[in-house]
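All remarks here apply to the structure that follows.
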Amino acid sequence: MDSQDGTQQPHLVLAHKRFLLTHPDVQDIEKVRLKEEVFAMVKADDMATFYETLAEESVLDMDQSVLDTMRAKIDEEIKKFDENLMLSQYLRIIWVVLLYCVRKGGWLIFLSVLNGCPTVDLDLDFTSVNTEGKTQDGSAEIIGLDGIRVFCSSDGRKQGIRIADAEENLGESEVREAHLAKSLFYIQIGDKEKALEQLKITEGKTVAVGQKMDLVFYTLQLGFFYMDFDLISKSIDKAKNLFEEGGDWERKNRLKVYEGLYCMSTRNFKKAANLFLDSISTFTTYELFPYDTFIFYTVLTSIISLDRVSLKQKVVDAPEILTVIGKIPYLSEFLNSLYDCQYKSFFSAFAGLTEQIKLDRYLYPHFRYYMREVRTVVYSQFLESYKSVTIEAMAKAFGVTVEFIDLELSRFIAAGKLHCKIDKVAGVLETNRPDAKNALYQATIKQGDFLLNRIQKLSRVIDL
């Protein structure tokens with residue numbers, strides 16, 4: 001399921017189209033086209049379970065014959081995976097036995113072993129072994145070949161060949177690759193539970209930290225497909241623990257983008273902005289989204305998270321952003337008009353961007369919140385230059401009516417977002433910037449009172 005360089009993971013494209021199908025602002029004629037595309041993608045990958053889910057949600061119409069065909073293909077593919085897994089184990093056994101017999105006496109012993117062992121049974125009771133490399137009954141010898149322990153009679157005539165710890169030792173790389181292929185197949189057909197179960201089995205057969213990280217990335221992609229934030233959070237924590245054991249910088253930088261997308265999707269815009277900005281020059285996570293979309297997210301999260309100086313240094317003048325920002329409608333005007341205090345142009349660009357934000361799968365749940373935060377930033381920046389200003393002057397600067405500004409500011413002032421007051425009679429706004437030292441003092445007093453109350457409650461419990 002790894003996408004090619006520069007190509008978005010197909011299932012995330014499918015997830016976005018599914019989102020648009022359920023979006024109230026998408027036109028019906030557009031939904032007809034989207035429905036055809038979603039059905040074609042689901043049918044192409046035999047996503048039977050996902051097809052049933054879409055039918056239950058009335059996103060697609062159920063066609064029982066198509067569903068039965070999908071299930072038949074899935075059963076056939078799974079049977080092939082199981083056969084390949086058994087074949088890789090069997091071939092490994094033959095190779096080990098061949099090496100053992102050649103060491104001990106040549107082809108005659110190998111042929112006698114095969115004659116005495118027409119079938120290979122991997123599920124056997126193992127004889128306990130002493131430290132001298134012999135079974136306790138003395139009938140078999142243990143030969144170490146590439147970390148594989150073979151139980152066989154010394155004369156080659158003992159019935160059967162016993163492989164110690166077959167699941168762990170037989171054909172390590174071959175068995176792992178077979179399990180990984182099966183995991184990716186379950187991801188491809190959209191069977192979340194079986195995919196996670198198979199990925200866990202594959203992880204148990206994986207030694208290298210880098211390969212374990214790749215399995216975590218597959219899990220994260222599955223989490224973003226289903227928007228399972230609990231799975232995403234646990235996978236990110238798991239990846240960070242793996243990096244403590246080692247890991248290359250390329251995968252560490254990829255993880256930053258995954259974590260940034262998770263933070264943005266859970267409304268932690270400040271952390272998301274920092275993670276995105278750290279990854280601008282090293283971005284390789286094309287399986288999540290194109291680079292243009294990455295810059296779009298970076299600018300949006302930075303505007304409401306960074307102060308004016310940091311915004312200039314990290315975003316406005318960033319060469320990586322400057323090379324791409326012009327390709328995204330309204331984004332350049334949105335960013336530069338804010339920094340240049342061209343508020344009328346800012347509101348015009350902001351109106352153009354709202355449609356893109358509403359139709360984004362990750363930002364749509366936070367649309368109203370983001371709209372409020374952006375307006376808070378721009379109103380605060382405007383008022384910071386004045387001790388007092390007329391409402392009419394502010395309305396003219398933003399290209400809106402006096403009534404609109406009056407209603408907007410009253411809401412933000414009541415919510416504690418803006419530190420000013422409105423003199424309705426004089427038609428004037430008066431700013432009252434909070435004193436940082438007094439704010440810190442008040443916060444310290446408040447926290448101290450809270451701590452004292454907790455200590456008093458605790459003392460009562462101890463006295464009892």
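Under the criterion of Cα pairs below 8 Å and six or more residues apart, the relative contact order for segment 198-334 equals 17 percent. With an a/c value of 1.5 or above and a/b larger than b/c for the gyration tensor axes a ≥ b ≥ c computed over the alpha-carbon atoms, segment 391-464 is described as prolate. Were the residues from I328 through D28 laid out at 0.36 nm apart, the gain over their Cα-Cα distance would be 105.4 nm. A crude spin-label estimate for the pair D237 and R460, with each label 7 Å from Cα along the Cβ direction, gives 3.4 nm. Ellipsoid semi-axes for segment 38-79, based on the Cα gyration tensor and the rule √(5λ), read 18, 10, 8 Å when sorted largest first.
Separation of segment 320-343 and segment 393-446, taken as the distance between their Cα centroids, equals 27 angstrom. Measuring max minus min along each principal axis, the C-alpha atoms of segment 278-393 give extents of 50, 29, 21 Å (largest first). Pairs spanning more than 23 Å between alpha-carbon atoms, out of K182/K205; K212/K256; K43/K358: K43/K358.
The stretch between N268 and E403 holds 45.3 nm of extra length on full extension. This uses 0.36 nm per residue minus the Cα-Cα distance. Comparing Cα centroids, segment 252-273 and segment 18-83 end up 30 angstrom apart. Applying 1/(1 + (r/R0)^6) with R0 = 30 Å to the Cβ-Cβ distance of Y369 and E245 gives a FRET efficiency near 0.20.
A DSSP coil position with no more than 14 other Cβ atoms inside 10 Å describes the following GluC sites (Glu not before Pro) in segment 39-83: E57. Shown here for segment 393-461: trypsin sites (Lys or Arg not before Pro) in loop regions (DSSP other than H, G, I, E, B) with at most 12 other Cβ atoms within 10 Å, namely K424.
Per-residue extension of 0.36 nm, minus the Cα-Cα distance of A415 and Q342, leaves a gain of 23.7 nm for this segment.
Roughly how many whole Å is it from the C-alpha centroid of segment 279-318 to that of segment 172-188? Comparing the Cα centres of segment 279-318 and segment 172-188, I get a distance of 35 Å. Sort segment 339-414 into rounded, prolate or oblate with this rule: let a ≥ b ≥ c be the square roots of the eigenvalues of the Cα gyration tensor; rounded if a/c is under 1.5, and if a/c is not under 1.5, prolate when a/b is larger than b/c, oblate otherwise. Prolate is the answer for segment 339-414, as a/c is 1.5 or above and a/b outweighs b/c. With all protein chains kept in place, the per residue accessible area of segment 212-277 amounts to 40 square angstrom at a probe of 1.4 angstrom.
Surface calculation, 1.4 Å probe, protein heavy atoms: R33 sits at approximately 100 Å² accessible.
Relative contact order, whole percent, for segment 320-441 stands at 19, derived from Cα pairs under 8 Å and 6 or more residues apart. Overall, the accessible surface of segment 314-464 at a probe of 1.4 angstrom is composed of carbon and sulfur to the extent of 57 percent.
The values are calculated or read from the model by the stated rules, or taken from the named source; none is laboratory data. Note that the coordinates shown come from a computational prediction; the quantities given were computed from them, not determined experimentally. Quick reminder, even Gly has a Cβ in these numbers, built from the backbone with ideal geometry, and neighbours come from all protein chains shown. With ligands, DNA and RNA removed, areas are computed over all heavy atoms of the protein, side chains included. Shrake-Rupley method; radii C 1.70, N 1.55, O 1.52, S 1.80 Å.
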